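Bear in mind that the values in this text are calculations on the coordinates, not laboratory data. Quantities reported herein were computed from a predicted structural model and do not represent experimental measurements. Cβ placement follows ideal geometry from the backbone for every residue including glycine, while neighbour counts extend to all protein chains displayed.
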Amino acid sequence: MYYEFYNPLKIISGKGSLYNLPVELKRLNSSSFVVLTDKGIVKAGLIKKAENALDEAGMRIPLIIDDVEVEAPLGCLVDISRRILEIRCDCIVAIGGGSVLDAAKLVCVMAKNNIVDPSQIAGVDTLPKERLNLIAIPTTCGTGAEATGVCVAMDEKNNTKIAFADDVLIPDVAILDPALVEALPVRLVASSAIDALAHAIEAHISIQSNPLSDALSAKALSMIWKNLPEAINGDKNARFCLLEAANIAGVAFSNAMVGIIHSLAHAAGSILHIPHSEAVSLFILPGLSVQLEAASDKLADLLEAIPGIHEYSGDNLTKANRFLYLIERFLEDIKCAAGLPKSLTDYGYNDAYYDAIITKALQDGSSIFGRIKLTPEIAGAMIKQSLR
Amino acid sequence: MYAIKRKLLSVLFVFFETSLKLLYKRDKTTKDILSRLPDGFVFSISVDFSNLSITIQKGENGLRRLRTDHPDLSINFKNIHWALLCFAGVIPQHTAFAGKMVRIKGNIDSALIVTEAIYRLQEIIFPPPVARKLTRKSYKKPIESMEQIKGW
């Protein structure tokens, strides 16, 4: 076995952790910073919480850029980078969900290196190694983007997502403050946590999984399973546990990567404009079903991570089957409780999209990490199952 | 040891380049795979700390060697050890990609196409047991297993 595991992130977690923002800015020697966010976060009053934290240290936010769009298009990133270059700041404080954090990760590399065409630096492990300092403050309990060295941007001209993977994209600091996820809408709690669940499971069965990522992914799964139902009912502590679980799953998948569930979700998501986490929720079961035999050993492991399950008899395939059965029931209950759509047709899918989704999924970089080769037949079968 | 590895790898590089050019002309599957890349597309495979590299351009009439520092896709092995294992058919391409043994500069979907072409080449030049070991495990009935789950 050969693997690389890298996690240089400082994680500050718990009630009141946002009040550490000033000291972290000082530690990073940041003389000037901008807050990068989106309009929804500003409207929800979450920036005010950061302002309060800075206020106590006699600091103010010099500039708030709230123009990050959902699944940020390249044009939006170029514009933000240009504005950051103009004001010559040395740190970005990103407050938001996956789109904001992904945008911030790329922008801090673009601004530092004056890159005007990010599509030219797409790839794996090829970004310039210098960037602005980055503090990531997640406001959803699912993406784990604050912990990963990957990000995705939308190439609006070609209607496709471009992936970037490099250790330099891992932020310097992640601040996980429960106050930021207390008021999240139920649907967002559920869909983002299901995304985190997919991160944990896919990292665990990835061909690049390793003992460190396995320990993290199993723990994340266990925490999500235990806390998601209560988080949907509004339990604040459960929501915070999901925030932490998403972070743990993020560290796991940043090192082990995700597989064919994400390939299909990226493809269907970009063609039908489905929010990422909801697209993932549609393909978890189909993706696991087709890998049942190939990943039975790792899926059997995950059965033991489910809280309260003590049925460990049988061979790996039996245990893997049992795991999938429990996942199916769990997802059904969560989707019902949160009002999440259950089928791809709920997002406007019809047969005209079938070939396009398959073609895009086969080209997706995540497919290389799955336990089986993603063929058109398998991708097609996954789409059909997601329609049920 | 390094000198032997480097020599061996340089021979494998020449063999790889020649075979791929030939296959593009003679093998329909290889041509179909690489035709998904645009004409004029340039990809290079290189190895850190060895000065070894090959750069190939896909044209209308076939593949040709090219000298450029700016390929559309660059696959760069982090050391000569991984490159040798990969080109000698000891470790599969997808393991090298997934295991971060290579750096990829360019679109990942183009890298997947090039990888697929290399698999096709290995399928032809290596003895079947070796080639089988390199291709990703294809389980007999993934789709049927899905149906089985549906019924519980």
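Details
- Diffusion constant of the range A:165-242 at 4 °C, which comes from Stokes-Einstein with the Kirkwood Cα-pair radius and 1.567 mPa s, µm²/s: 95 µm²/s
- Annotation: amide H of A:Ala122 within the under-5 Å range of B:Gly106, sequence separation 5 or more or interchain, hydrogens built in the peptide plane.
- Ranked A:Glu69, A:Glu182, criterion: other C-beta atoms within 10 Å, fewest first: A:Glu182, A:Glu69
- Here chain A carries DSSP beta bridges of which approximately 25% are antiparallel, counting only pairs with both residues inside.
- Label-to-label distance for B:Lys21 and B:Glu60 is 2.0 nm, based on points extended 7 Å past Cα in the beta-carbon direction.
- Gain upon complete extension [A:Ile87, A:Asp333; 0.36 nm per residue less C-alpha separation]: 83.7 nm
- For the pair A:Val78 and A:Ala183 in one chain, pulling the backbone fully straight at 0.36 nm per residue adds 34.6 nm over the alpha carbon distance.
- Once exposed loop trypsin sites (Lys or Arg not before Pro) are cut out (DSSP; at most 10 other Cβ, 10 Å), longest piece of chain B: B:68-139
- By the Stokes-Einstein formula, at 1.306 mPa s and 10 °C, the protein assembly as shown with its Kirkwood radius over alpha-carbon pairs has D equal to 66 µm²/s.
- Exposure proxy ranking, count of Cβ atoms within 10 Å, fewest first, for B:His94, A:His266: B:His94, A:His266
- The order of A:Ile162, B:Ile45, going from fewest to most other C-beta atoms within 10 Å of their C-beta, is A:Ile162, B:Ile45.
- Too-long pairs where the Cα-Cα distance tops 23 Å, listed order kept, from A:Lys298/A:Lys384; A:Lys112/B:Lys105; A:Lys39/A:Lys112; A:Lys49/A:Lys219; A:Lys105/A:Lys161: A:Lys298/A:Lys384; A:Lys39/A:Lys112; A:Lys49/A:Lys219
- DSSP-assigned coil residues among trypsin sites (Lys or Arg not before Pro) in the range A:109-186, each with at most 16 further Cβ atoms within 10 Å: A:Lys129, A:Lys157
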